[in-house]
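One structure below.
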Amino acid sequence: MTARLHHRLDGPGDAPVLVLSGSLGTTQAMWDAQAPVLTQHFRLLRYDQRGHGASETPPGPYEIADLGRDVLALLDQLGLERVSFCGMSIGGMTGMWLGINAPERIDRLVLSCTAAHFPPREQWDERAGIARSNGVAALADAALERWFTPGFTRDRPDEIERFRGMLGATPGEGYAGCCEAIRDMDLRAGLGRIRAPTLVIAGDDDPSTPPERGQEIADTVPGARLIVLEDARHIANVAQPEAYTGAVLAHLEGGTT
């Protein structure tokens, strides 16, 4: 069963569609810095992952395939046949699944701060257990340390608190179900079947998905390339909004497939 996804669609009705898919523990608001620029070029579809924000929260565990099928159901609901897709973290995992399993629906791909396989399994079991028993707020301090550099944390306390609020408002079952999807995911064998022109973006100081993980994807997806953003951890689009948005825009406007 697919989940009902809370979403918003902005930008010119006749423009090509770009889907933005966020990271574990966030909502579509994580893309606020990109939206004003991207809506000048694209019809922008943002959504909350299942179990996040205002989207439906089915009981877990989930699979990455569930998240991908949720997106396909949303595209069908909106009458969108073919889109470009930009995902961050678990959103990037969703993008890889779509590129492998629904290539006819995907024009271009951006895979940000993500991995095709993410061991050890134990870390995801631990996070899922804490989320279910104590709530996602109990995981917030550790998550924010992985997401943002000490300098960003010092200089942008407003953004730190905004993301702390997103984490704290995430349903424990939804967060846990997505942790279990990451735990069980292994997309490596399918990466060579992706045909969409693909850009991989990594943060140079990302402890969760360091540039080496991005390089593994770029080395396996035909024609893909990697860009590493300086002074960025896991939520690179917020740490370096201009550089991130510029890289995405340059890739997506590089022509049609």
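The values are calculated or read from the model by the stated rules, or taken from the named source; none is laboratory data. Computed from a prediction, not measured in an experiment: that's the story for all the values here. Reconstructed Cβ throughout: ideal geometry from the backbone, glycine too, with neighbour counts over all protein chains shown.
Is it the case that region 108-123 has a residue that's in contact with an Asp or Glu (Cβ under 6 Å, 6 or more places away or on another chain), surrounded by fewer than 17 Cβ atoms within 10 Å (Cβ to Cβ) and not polar (S, T, N, Q)?
yes
Rundown of residues vs (1) buried (at least 18 other Cβ atoms within 10 Å of the Cβ); (2) farther than 15 Å from C113 by Cβ; (3) within 16 Å of the chain's Cα centre (by Cα), yes/no style:
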position	(1), (2), (3)
R162	no, yes, no
G168	no, yes, no
I182	yes, no, yes
I194	yes, yes, no
I201	yes, no, yes
D205	yes, no, no
I217	yes, no, yes
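Within region 25-38, can you find the residues that are in contact with a Leu (Cβ under 9 Å, 6 or more places away or on another chain) and part of a loop (DSSP other than H, G, I, E, B)? If you could, list the steps in order and put the result at the bottom.
Of the residues in region 25-38, the ones in contact with a Leu (Cβ under 9 Å, 6 or more places away or on another chain) are 25-26, 28, 30-31, 34-35, 37-38.
Of everything in region 25-38, those that are in contact with a Leu (Cβ under 9 Å, 6 or more places away or on another chain) and part of a loop (DSSP other than H, G, I, E, B) turn out to be G25, T26, Q34.
Based on this model, can you work out whether P61 counts as farther than 23 Å from W147 by Cβ and touching an Asp or Glu at 6+ places or on another chain (Cβ under 6 Å)?
yes
Give the residues of region 201-257 that are polar (S, T, N, Q) and more than 16 Å from T149 (Cβ to Cβ), sorted by residue number.
Within region 201-257, the first condition is being polar (S, T, N, Q), and the residues that meet it are 208-209, 215, 220, 237, 240, 245, 256-257.
Q215, T220, T245, T256, T257, listed by residue number.
Which condition number does A35 fail, the rest of (1) buried (at least 21 other Cβ atoms within 10 Å of the Cβ); (2) out of contact with any His (no Cβ under 9 Å at 6 or more places or on another chain); (3) of a type in the set (A, V, I, L, M, F, W, C); (4) farther than 18 Å from T170 by Cα being met?
(1)
Based on this model, can you work out whether S84 counts as more than 13 Å from the chain's Cα centre (by Cα) and buried (at least 17 other Cβ atoms within 10 Å of the Cβ)?
yes
Any idea which of (1) of a type in the set (G, A, S); (2) exposed (fewer than 15 other Cβ atoms within 10 Å of the Cβ); (3) at pLDDT 95 or above; (4) more than 30 Å from N134 (Cβ to Cβ) is the one G151 doesn't satisfy?
Every listed condition holds for G151 apart from (4).
Exactly one of these conditions fails for H117: (1) in contact (Cβ under 8 Å) with a residue 60 or more places away in the chain; (2) closer than 20 Å to Q28 by Cα. Give me its number.
(2)
Identify, by number, the condition in (1) closer than 17 Å to R4 by Cα; (2) part of a helix (DSSP H, G or I); (3) among the small types (G, A, S) that S55 doesn't meet.
(2)
For region 207-224, what are the residues that are over 19 Å from R183 (Cα atoms), touching a helix residue (DSSP H, G or I) at 6+ places or on another chain (Cβ under 9 Å), assigned to a loop (DSSP other than H, G, I, E, B) and not hydrophobic (A, V, I, L, M, F, W, C)?
P222
Checking A73 against (1) surrounded by 24 or more Cβ atoms within 10 Å (Cβ to Cβ); (2) in a helix (DSSP H, G or I), only one condition comes out false. Which one?
(1)
Name the helices (runs of 4 or more DSSP H) wholly inside region 85-200 in which the number of residues that are aliphatic (A, V, I, L, M) and within 22 Å of D48 (Cβ to Cβ) is 1 or more.
So the answer is 90-101, 121-134, 140-147, 157-169, 172-184.
Please list, ordered by first then second residue, the pairs with beta carbon atoms under 7 Å, 6 or more apart or interchain, first in region 224-247 and at negative phi, second assigned to a helix (DSSP H, G or I) and among the hydroxyl-bearing types (S, T, Y).
Close Cβ pairs (under 7 Å, with a partner that is assigned to a helix (DSSP H, G or I) and among the hydroxyl-bearing types (S, T, Y)) amount to L229/Y244; A236/Y244; N237/Y244.
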